[in-house]
Amino acid sequence: SPLINLSNSMVYITRKVPSSGINHLIKAGVKVKQWDSEEVIPRDVLLEQVKGVDALFCLLTEKIDEEVIEAAGPKLSVVSTMSVGYEHISLDICRKKNIKVGFTPDILTPATTELTMALLLAVSRRIVEGFNAIKAGEWQTWKPEWMLGRGLQNSTVGIVGYGRIGQAVAACLWPLGVSRILYSTRQGMAEYVSFDELLELSDFVICACSLNNTTREIFNRDAFSKMKKTSIFVNISRGGVVQQNDLYWALKNKVIWGAGLDVTIPEPLPPFHPLLTLPNIVISPHIGSATVETRSDMCMFTAKNIICGLLNKPMPGRIV
Ligand code: NDP
Ligand code: DGY
């Protein structure tokens, strides 16, 4: 039975995580060690603690590279991240060492889609700016031309990264009267255009791609210069797809109209960062998947990945 097979297996969890996954691992009979803190595990502690483990339950904040994998030693057979993004894991090393790698696709798509829509609407309808204006005593009366935003109806939306989240965002946009949805990779219920055309044609540009060598800093001065002066940029992917100084320049100089970010470089963004001085930006602290249910489901999913991986069964979400 799985209980007997797993009783000698040790899993290391790199953070305090929802109890759902931990209980699942314990019920399956594996031994669990954990960095039981809200803070990121220091690198030297990680390197020490992974020694001899069979599986590693990690987050997007830990770089899982050759050093960590060597430190873990030959028993390590499964690495599973409680995230859908996996740019923090060296897949080549894992392939070379026959280590299975798991992630959490799909279950966080609805929550991240909600957050994308929230950011898009917060910027386009100037929710935070309006709230700040109220607090500053600037709300005098109802005025026909005060706090005017940019509506989605009849607009063109470009989605860079037309994967699970990108397509779910598109499904939310159609009922709001958007007339065209453009994408620059993959097929779907949208129009294929080049990246440059997408920038030039879109009223709203939403970035939901993975971070990889083809997407690093694609949103730079050149890209922002191609976008409409009235356009709004939303990024829920990774901070690394944006050249942030160029975004600051574009917002400050009204090269684009506004931006909404859930991801930045660095994370956390320091409270005195220049981007935070701009009125035409809304930033959330990387909370795309942060609902109680979704985080619990992601934790459970990661635990299931680990158990299936250890038992040599198909993992629910496997990258390698
Ligand atoms: P998917 O893999 O389904 O989608 C990623 C998409 O990016 C794919 O369609 C891929 O296209 C596309 N892509 C890759 N390279 C390029 C490129 N050069 N130009 C345009 N598109 C490109 O992943 P998900 O939709 O599930 O998640 C997407 C990303 O969102 C994650 O990798 C993660 O970084 C981020 N994320 C952020 C969250 C948050 O809390 N803010 C929450 C969840 C996810 P193709 O397949 O054709 O290569
Ligand atoms: C991911 O899963 O990649 C997000 O960034 C956090 O949920």
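Just so it is clear, none of the values below were taken in a lab; they were calculated from the coordinates. Remember, predicted model here, so these are calculated numbers, not experimental data. So basically every Cβ, Gly included, is an ideal-geometry build from the backbone, and we count neighbours across all protein chains shown.
Just a few scattered comments:
- 3J(HN,Hα) couplings calculated from phi for the stretch 199-211 with the Karplus curve 6.51 cos²θ - 1.76 cosθ + 1.60 (θ = phi - 60°) are, in sequence order, 5, 6, 8, 8, 7, 10, 10, 10, 9, 9, 8, 7, 8 Hz; Gly and Pro show x.
- If the chain linking Glu200 and Leu148 were pulled fully straight, counting 0.36 nm for each residue of separation and taking away their Cα-Cα distance, it would gain 16.4 nm.
- Measuring spread by the Cα atoms of the chain yields a radius of gyration and Dmax of 21.7, 71 Å.
- Footprinting exposure proxy for Thr14, Thr214, Thr156, Thr61 (fewest neighbouring C-beta atoms within 10 Å first): Thr214, Thr61, Thr156, Thr14
- Distance between the stretch 199-224 and the stretch 105-122 - C-alpha centres, whole angstrom: 18 Å
- Counted charge near Ile13, where neighbours are those whose Cβ lies closer than 9 Å (Asp, Glu -1; Lys, Arg +1): +2
- Neighbour-count order for Asp196, Asp246, fewest beta carbons within 10 angstrom listed first: Asp196, Asp246
- Neighbour-limited loop hits for chymotrypsin sites (Phe, Trp or Tyr not before Pro), the stretch 124-159 (at most 16 other Cβ within 10 Å; DSSP other than H, G, I, E, B): Trp139, Trp142, Trp146
- Seen from Ser80, the other residues with C-beta closer than 11 Å to its C-beta sum to a net charge of +3, counting Lys and Arg as +1 and Asp and Glu as -1.
- For the stretch 1-74: rounded, prolate or oblate by the Cα gyration tensor [a/c cutoff 1.5]: oblate
- Counting every other Cβ atom within 10 Å of each residue's Cβ, Asp222, Asp297 order from fewest to most as Asp222, Asp297.
- More than 19 angstrom apart: percent of Cα pairs within the stretch 61-196: 66 percent
- Rounded to the nearest 20 debye, dipole of the chain from Cβ charges on Lys, Arg, Asp, Glu: 440 debye
- Working note: Karplus 6.51/-1.76/1.60 with θ = phi - 60° gives the stretch 283-295 the couplings 10, 10, x, 6, 10, x, 9, 7, 10, 3, 5, 5, 5 Hz, where Gly and Pro are set to x.
- Computed helical MRE - 222 nm, the chain, DSSP H runs ≥ 4 contributing -39500 (n - 2.57), nearest 500: -10000 deg cm²/dmol
- Oblate is the label for the stretch 187-279, because a/c, from the alpha-carbon gyration tensor with a ≥ b ≥ c as root eigenvalues, is 1.5 or above and a/b does not exceed b/c.
- For the stretch 226-266, the list of trypsin sites (Lys or Arg not before Pro) that fall in a loop by DSSP and count at most 15 other C-beta atoms within 10 angstrom reads Lys229, Lys254.
- Per DSSP, loop chymotrypsin sites (Phe, Trp or Tyr not before Pro) in the stretch 220-283 with at most 11 further Cβ within 10 Å: Phe272
- Cα gyration tensor shape of the stretch 69-124, rounded if a/c is under 1.5, else prolate or oblate by comparing a/b with b/c: prolate
- Near Ser124: Cβ cut-off under 12 Å, other residues only, Lys/Arg at +1 and Asp/Glu at -1. The net charge is +1.
- Relative contact order [Cα under 8 Å, 6+ residues apart], the chain, whole percent: 20 percent
- Here the simple spin-label model places points 7 Å from the Cα toward Cβ, and for Glu138 and Ser179 these points are separated by 3.2 nm.
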